[in-house]
Amino acid sequence: MSQSALPDQRVIVVDFGAQYGQLIARRVRDLHVYSEIVPCDITADEVRAMAPAAIIFSGGPASVYAEDAPTIDPAILELGIPVLGFCYGQQIMAVTLGGEVGHTEKGEYGPAPLTRCGESALFADTPGEQTVWMSHRDAVSRVPEGFAVTSRTDVCPVASMECAERRLYATQFHPEVRHTAFGNELLANFLFGICGLVPDWTMDSIIEDSVAAIREKVGEDRVILGLSGGVDSSVVAALGARAIGRQLVCVFVDHGLLRKGEPEEVEAVFTEQFDVDFIRVDARERYLELLAGVSDPEEKRRIIGTQFWKEFFAVAQQLDGVKYLAQGTIYPDIIESGARKTGGKASTIKSHHNLIPFPEGVSFELIEPLDHFFKDEVRALGTALGLPDHIVHRQPFPGPGLAIRIIGDVDAEKLEVLKSADAIVREELDAYNERLFQETGVRDSERSVWQYFAVLPDIRSVGVMGDERTYARPIILRAVESQDAMTADWARLPYEVLARVSSRVVAEVPGVNRVVYDVTSKPPATVEWE
Ligand code: XMP
């Protein structure tokens, strides 16, 4: 069951396997209405139990007449709850209510000029002609009884339809995609004009509700949290600090594999700024011993992950009165693990939870205050709670840390070299990103460099410094542009930025005599070297 505070007023997005499913939920939330994604096999009874104020049917890749095409419990359309369907959502609404769907001759993909016909509350205050985003081959050819056609395009005679009396609305196009010029207005018309919702899901109300939910659940008990220095666990800690103060024990396992200055920053934030019970475990020596001589990347990952839980539970078992284990699970983790496949049934088991290796006889109840938030909402929450930018906007950083940026085996000397070089890389590229921001006035992930770091390979090369021949280490500079790390392009950094990084690294980091730049994209390479 979810531990986050859920507002009374919510919209459910019924997911038919949409490319844009998460986007719909996010657009609704951007309008300050809470929304949640549910699978399309949800039953009318389950929907009734969730008592949503409105329902949105997403698009989906299937043809409604395909053998295994997703269907919908027809009774959902009889609940008296307003429904808005997009694309496949329109088609499924049409066939479920007795209309027809056929193939259009050539399909319609991309921006399309749309013409409104007649009055429609969905299109209120939008122009008669507007651009919409289409992506379909099938389309409604005959609307169900009682429905009116409210817009069309040259290719699509039913670009939208509605039965205002029953508050059933649908569009063939995608209002959730930015290329639909008035998509946001249409969504707002549906939520506020048609459903009468109130835009009161704001950061203040989110914090207030979350704090109240944590307090109510935890009571006088203690909660333990593994703090990694990453965004999610830090936001849980900040929220926990607000809700239960020193009843929250934050265990920060310092494995020595974080970037230069990071452990000190984490400690400063959670001892000086937030009033929690902060425990820093100095495990640096133990990790170095375990990693000595290990060069296989997967073996390194395994050792680091296993040792984290050992260190964590060693502390946890010494504490009295700890009933809960807090985790920074976020909404995409839940969606991607398929945990809510059954439409939010309480019996659902979240597979990723099984990964926590509780020692014999130890068990805690889980508490996951972020399990209904998208990443950008988690960041906004962090900022609203007063977390500094260096935590909230931290670059993605692998759990195994610098150990997988040292190719081959890890030792203290290599770690020192890599930390120093990496600090210079970050300093120079932070400054470059800041210049881009000053020039454009927007912090745009498409324009700035997304992730950047140094890698230490397991080789040496010849160089010359002064009159001396050197035989020292190279540093690899990796800098990529990306949206989600699934694909990435190497950043076209200006030569002067590369030159500064190179001259500073060889001048300031003892033992390094060469800097090379990785000009490979993903695929075929990966972002990390190990
Ligand atoms: P790759 O190297 O697979 O990285 O292209 C994609 C993104 O994931 C991060 N990454 C990791 N994160 N544990 C993590 O928590 C890991 O073992 C790991 N390996 C890669 C990487 O930094 C990039 O953002």
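What follows draws every value from the coordinates through simple rules; no lab data is involved. Bear in mind the structure is a predicted one, so any value in this text is a computation, not a measurement. Neighbour counts run over all protein chains shown; Cβ positions are idealised from the backbone, glycine included.
Could you tell me the center-to-center distance, by alpha carbons, between the stretch 229-304 and the stretch 174-228 in angstrom?
29
In the chain, what percentage of the DSSP-assigned beta bridges are antiparallel, given to the nearest 5?
45
With a/c under 1.5 counting as rounded, go ahead and sort the stretch 465-530 into rounded, prolate or oblate using the C-alpha gyration tensor (a ≥ b ≥ c being the square roots of the eigenvalues; past the cut-off, prolate if a/b is larger than b/c, else oblate).
It is prolate, given that a/c is not under 1.5 and a/b is the larger ratio.
Relative to the Cα centre, what is the charge dipole magnitude of the chain, using +1 at the beta carbon of each Lys and Arg, -1 at the beta carbon of each Asp and Glu, and rounding to the nearest 20 debye?
520
In which sequence would Ser234, Ser205, Ser420 go, from the one with the fewest C-beta neighbours within 10 Å to the one with the most?
Values: Ser234 27, Ser205 14, Ser420 18.
Sorted ascending by nearby Cβ count, the order is Ser205, Ser420, Ser234.
Enumerate the helices in the chain for which the Kyte-Doolittle hydropathy averages -1.0 or more and the C-alpha atoms extend at least 18 Å along the helix's axis, using complete DSSP H runs.
203-218, 231-244, 297-316, 412-440, 495-508
Is it possible to state the helix-based mean residue ellipticity at 222 nm for the chain, with each DSSP H run of 4+ residues giving -39500 (n - 2.57), the sum divided by total residues, to the nearest 500 deg cm²/dmol? What is it?
It comes out at -9000 deg cm²/dmol, rounded to the nearest 500.
Taking amide H positions as placed 1.01 Å from N in the peptide plane, with prolines and chain starts having none, which residues 5 or more places from Leu325, or on another chain, fall under 5 Å of its amide H?
Ile224, Glu365, Leu366, Ile367
Just order 25-33, 111-119 by mean Cβ neighbour count inside 10 Å, highest at the front, would you?
Highest-to-lowest ranking by the protection proxy: 25-33, 111-119.
Suppose a student asked you for the relative contact order of the chain, using Cα pairs under 8 Å spaced at least 6 residues apart; what percent would you report?
11
Of the DSSP beta bridges with both residues in the stretch 10-194, give the percent that are antiparallel, rounding to the nearest 5. Mind dumping the intermediate values first?
Values: 21 of 38 bridges.
Close to 55 percent.
Between Asn433 and Glu496, with labels modelled 7 Å along Cα→Cβ, what's the label distance in nm to one decimal, could you check?
Going by the 7 Å Cα→Cβ label model, 2.1 nm.
Hey, got the dipole for the stretch 10-194? About the Cα centre, +1 on K and R Cβ, -1 on D and E Cβ, debye to the nearest 20?
Details: 13 positive and 23 negative charges, 87 e Å.
For this selection, approximately 420 debye.
How do Glu439, Glu36 rank when sorted from fewest to most other Cβ atoms within 10 Å of their own Cβ? Intermediate results must be reported in sequence, preceding the final value.
Working: Glu439 9, Glu36 20.
Starting with the residue having the fewest Cβ neighbours, the order is Glu439, Glu36.
Would you please put 512-518, 322-328 in order of how densely packed they are, using the mean number of other Cβ atoms within 10 angstrom per residue and starting with the highest?
On the way: 512-518: 17.9, 322-328: 21.4.
With the highest mean Cβ count within 10 Å placed first, the list reads 322-328, 512-518.
What is the set of long-range amide H partners of Ile407 at a cut-off below 5 Å, with H atoms built 1.01 Å from backbone N?
Leu456, Asp458
If the chain between Thr115 and Arg142 were fully stretched, how many nm would it gain, using 0.36 nm times the residue separation less the Cα-Cα distance?
That works out to 7.9 nm of additional length.
Select from Trp450, Phe397, Gly463 the residue farthest towards the positive end of the dipole of the stretch 395-493; place +1 on Cβ of Lys and Arg, -1 on Cβ of Asp and Glu, and compute about the Cα centre.
Gly463
How much net charge surrounds Ser363 when only other residues with a Cβ under 15 Å from its Cβ are counted (Lys, Arg +1; Asp, Glu -1)?
-1
Which one of Phe182, Pro144, Thr202 has its Cα pushed farthest toward the positive end of the charge dipole of the stretch 86-222, where Lys and Arg give +1 and Asp and Glu give -1 at the Cβ?
Working it through, the farthest residue towards the positive pole turns out to be Pro144.
Mind checking which aspartates and glutamates have their C-alpha under 20 Å from Lys323, skipping anything on the same chain fewer than 8 residues away?
Straight-distance partners of Lys323: Glu216, Glu220, Asp221, Asp275, Asp277, Glu311, Glu360, Glu365, Glu368, Asp371.
Work out, step by step, the length gained on full extension between Asp320 and Met203: first 0.36 nm times the residue separation, then minus their alpha carbon distance; give nm to one decimal.
Details: separation 117, 0.36 × 117 = 42.12 nm, distance 3.40 nm.
Gain on stretching Asp320 to Met203: 38.7 nm.
Projected onto the charge dipole of the chain (+1 at Lys/Arg Cβ, -1 at Asp/Glu Cβ, origin at the Cα centre), which of Gly293, Leu6, Ile304 gives the Cα projection farthest towards the positive end?
Positive-most Cα among the choices belongs to Gly293.
Amide H of Ala170 versus every other amide H placed in the peptide plane: which residues, excluding those fewer than 5 positions away on the same chain, fall under 5 Å?
For Ala170, whose amide H was placed from the backbone, the distant partners under 5 Å are Gly85, Met161.
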